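Below is one structure, written out as structure tokens; comments come after it.
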Amino acid sequence: MSHPHPELSAPGPLPENGLRIIPLGGLGEVGRNMTVFEYDGRLLIVDCGVLFPEEHHPGVDLILPDFDPIRDRLDDVEALVLTHGHEDHIGATPYLLRERGDIPLVGSQLTLALLTSKLREHRLRETVHHQVKEGDRISFGPFDLEFVAVNHSIPDALAVAIRTGAGLVLHTGDFKMDQVPLDGRITDLRAFARLGEEGVDLFMVDSTNAEVPGFTTAEKDISPVLDRVFHQSNQRIIVACFASHVHRVQQVMDAAVAHGRKVAYVGRSMVRNMGVARELGYLNVPPDTLVDAKELAGYPPEKIVLISTGSQGEPLSALSRIAQRNHNFVHIEQGDTVVLASSLIPGNENAVYRVINGLSRWGANVVHKGNALVHVSGHASAGELLYCYNIVRPSNVLPVHGEIRHMLANAELARQTGVPADQVVIAEDGVVVDLVDGKAKIAGKVDCGYVFVDGSSVGDITESSLKDRRILGEEGFISVVVVVDTVTGKVSSGPEIHARGFLENDAAFDEIVPSLTEALDRAVAEGVDDTYQLQQTIRRVVGRWVSNKHRRRPMIIPVVLEA
């Protein structure tokens, strides 16, 4: 198996009749999926998603793929193909379109509809949309695309087969193999087999569940569990799930109707997405079922179901605000039931348990994946992946979509089914893979990092400023103000020392003042008259004292004024 190496250099020119694959996100993380394909001087992009921040990204709203490696080649992009409508696959599209607004967008009906409402929010004009469905073939420049139906936790998901002069690539997108899906649309294994017969030169396979043995549970197995929850509850029920999980919302809607309850959406993205899904016929809402959340006060609690965003514990989501008791009109009461009908995305565990604890504190009965079958994954487990490898019989395999452990597990599955070890390529974001003469191998690495969205600013926040935020949040800061007389060279006023988030009593610093004054006087006597060097003296003396006495490393902000 080929492994990425941190010392990889920039890739050389693409060999004649070769296909270059440049992953800019989604390989080494769950989210931010974006892959660029290059052939004959032209580019094709598959997916353009966001990654949601974790606790070590303070103040960050979203994380985008890094467009830098293709920024000066955006005119070469033939199209952007979107495999399905989840945020981690479409969420960064508005930011890409700000850089070139006329990139043709390719996707299924629901995917493009969800994207259109997102572009409207970003006040971006409509670009050219190419709506496709399973079985369709369409060409953009040298890329001949064929679309294949796959199951996922959102309707209308597609795998894409990409044909070029360098060979055939099959990219699964996110997928699983539910044999009895709620919408009756199964993963088209016959198409996978047909493409396998044609000869798949590179199989790019979703790795998210590669560590999970067996087969992913069917969506329909959740319905009896939901029915039991509804039967046992005699007060309000609040169900939190992803704002794009149409099938889950449909199951909750059906259970609500069966138990004579009204349904209301809570959370802007839930209202928007379910409106789109209903309009297009993907969500069936029986008459007189849906009510506006603000009208709920007029209904008895045993007749109400709320479907909310916030299943990942996002701080500003509806469920988090409900748990903190600061939501505008939803207040948890003793005996309410809250159902978290979603997975735990790696990194979000603490935030989710914080919300569960908050809800439990107010007397809610919280049902979640850990204590009931209220969620099944949208990704293929190891048994399904083995099945696919045996059907497709690819020449080369590139695991995608997952953390490094997921991709390594996926690579091992490919190897077990007979794919030669040196033709199973493990790449991470930025690691370039070339498919030349039927063989895939690592060709180098391009610089690509995280791009942070903070409020309205994109890319202004660096890893260095995040480090500063973490220090401020964890260790606090100390400010030291000193006035130096430029004539005598002595400290004429100060040092004045104040702290926040650390030793709030400023008198605690009295013992450091004499040695700090002495160090400054000595520095000036030795001819130091540069304010920056005097600031460094302050930082060194105060830093050493704080470290020795308090075992802390707060941020020290020295200010030297000349008088």
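Every number here is computed from the coordinates shown, using simple stated rules; none is lab data. All values reported here derive from a predicted model rather than from experimental measurement. Here the Cβ positions follow ideal geometry from the backbone for every residue, glycine too, while neighbour counts run over all protein chains shown.
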>> Give me Rg/Rg_expected for segment 193-304, where Rg uses Cα atoms only and Rg_expected = 2.2 N^0.38 Å with N residues.
In response: 1.41
>> Below 12 Å, Cα to Cα, which aspartates and glutamates can residue 262 reach? Residues fewer than 8 away in the same chain don't count.
In response: 254, 288, 292, 295, 302
>> Taking the alpha-carbon distance from residue 490 and a cut-off under 13 Å, which aspartates and glutamates remain once sequence neighbours fewer than 8 residues away in the same chain are dropped?
In response: 518, 521, 526, 529, 562
> Using 1/(1 + (r/R0)^6) with R0 = 25 angstrom and r between the beta carbons of residue 7 and residue 416, what's the FRET efficiency to the nearest 0.05?
Replying inline: 0.25
> Using the beta-carbon distance between residue 530 and residue 128 and R0 = 56 Å, what value does 1/(1 + (r/R0)^6) give for FRET efficiency, to the nearest 0.05?
Replying inline: 0.45
> Treating the beta-carbon of each Lys and Arg as +1 and of each Asp and Glu as -1, no other charges, what is the dipole magnitude of the chain about its Cα centre, to the nearest 20 debye?
Replying inline: 1480 debye
>> What value in Å³ per residue do you get for the convex hull of the alpha-carbon atoms in segment 219-367?
In response: 103 Å³
> Which lysines have a Cα less than 28 Å from the Cα of residue 439, not counting those fewer than 8 places away in the same chain?
Replying inline: 176
>> Expected output is a single nm value to one decimal: the length gained when fully extending between residue 137 and residue 360, i.e. 0.36 nm times separation in residues minus the C-alpha distance. What is it?
In response: 75.1 nm
> What nm value, rounded to one decimal, do you get for the distance between residue 393 and residue 326 when each label is placed 7 Å out toward the C-beta?
Replying inline: 6.1 nm
>> Need one number: nm distance between label points at residue 194 and residue 441, each 7 Å from Cα along Cα→Cβ, rounded to one decimal.
In response: 3.5 nm
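Sum up the charges of everything whose Cβ sits under 9 Å from the Cβ of residue 26, counting Lys and Arg as +1 and Asp and Glu as -1, but leave residue 26 out.
-3
If you wrap a convex hull around the Cα atoms of segment 476-562, how much volume per residue is inside, in Å³?
Numbers: hull volume 6.7 nm³, N = 87.
Enclosed volume per residue, from the Cα hull, is 77 Å³.
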> If R0 is 56 Å, what FRET efficiency do you get for residue 185 and residue 540 from their C-beta distance, rounded to 0.05?
Replying inline: 0.25
